[in-house]
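Here the structure comes first, spelled out in structure tokens, and everything after it is commentary.
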């Protein structure tokens, strides 16, 4: 059953009364720093330890949404590496069609995101020069093949981290960390609209409360059963 906004508020308040004050303060502190202004798109990652490290890194930097494109490889998480980070994120999978990358791009563009392709060998923008004056979706591909032709043909910008050594690229989890460290700082400095709306805060807090309260399903059923 799809709950109305009023019902969600009632359920949230009921569940919050079952959670410790310490956990509630943590919820609010994390929500104060959560964002959907910047999001990640992972295209065809196939190594669970890399995928999991990226998810964990994104959560630590306050990213709320992760988009997973599965054209050739099914996305897998290594729980020992992810350290429970998936519990606190909204993860969207694109795996229903032949060209799932295009589906992700179209969806994100409809939500107002510019598509930024991370390309280690690109002659385009360097990471340090990328502004954060609009919502941004960062696309990362596999270390072996990089991003697909579809992403490259539909990207609004190509961005790279300058490479100063003999090795051709960073490990993907390191690349994500470098991008997020710089761009989340810029986002907070350059734009005042990066934080979640009150509606988003409420819905995310509700999802977290359901995750924390073991019998949340029974509580919801009891509240709204006819």
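Tabulated results
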| read-out | value |
| --- | --- |
| Length-normalised contact order for the chain - Cα pairs under 8 Å, 6+ apart - percent | 26 |
| Zone of residue 73's modelled label, taken as backbone nitrogen in region 113-151 under 17 Å from a point 7 Å along Cα→Cβ | 118-120, 139-151 |
| Paramagnetic label zone (point 7 Å from Cα along Cα-to-C-beta, residue 157; backbone N under 20 Å) in region 45-86 | 58, 61-67 |
| Acute angle (nearest 10 degrees) that the helix 172-190 long axis makes with the longest principal axis of the chain, alpha-carbon atoms | 70 |
| Helix 48-60 vs. the chain, principal-axis angle (Cα, 0 to 90°, nearest 10) | 60 |
| Distance (nanometres) between label positions extended 7 Å along Cα→Cβ at residue 99 and residue 131 | 3.1 |
| Calculated FRET value between residue 214 and residue 32, using beta carbons and R₀ = 25 Å, to 0.05 | 0.40 |
| Euclidean distance of C-alpha centroids, region 183-226 and region 32-93, integer Å | 17 |
| Counting DSSP beta bridges with both ends in the chain, the antiparallel % (nearest 5) | 10 |
| Percentage, to the nearest whole number, of Cα pairs in the chain over 27 Å apart | 38 |
| Rounded to 10°, Cα long-axis angle of helix 5-16 versus longest principal axis of the chain | 80 |
| Segment residue 202-residue 109, length gained on full extension (0.36 nm per residue, minus Cα span) | 31.0 nm |
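Computed from the coordinates by the stated procedures, all read-outs in this text should not be read as laboratory data. The structure displayed is predicted, hence computed values, not measured ones. Backbone-built Cβ (ideal geometry, glycine too); neighbour counts: all protein chains shown.
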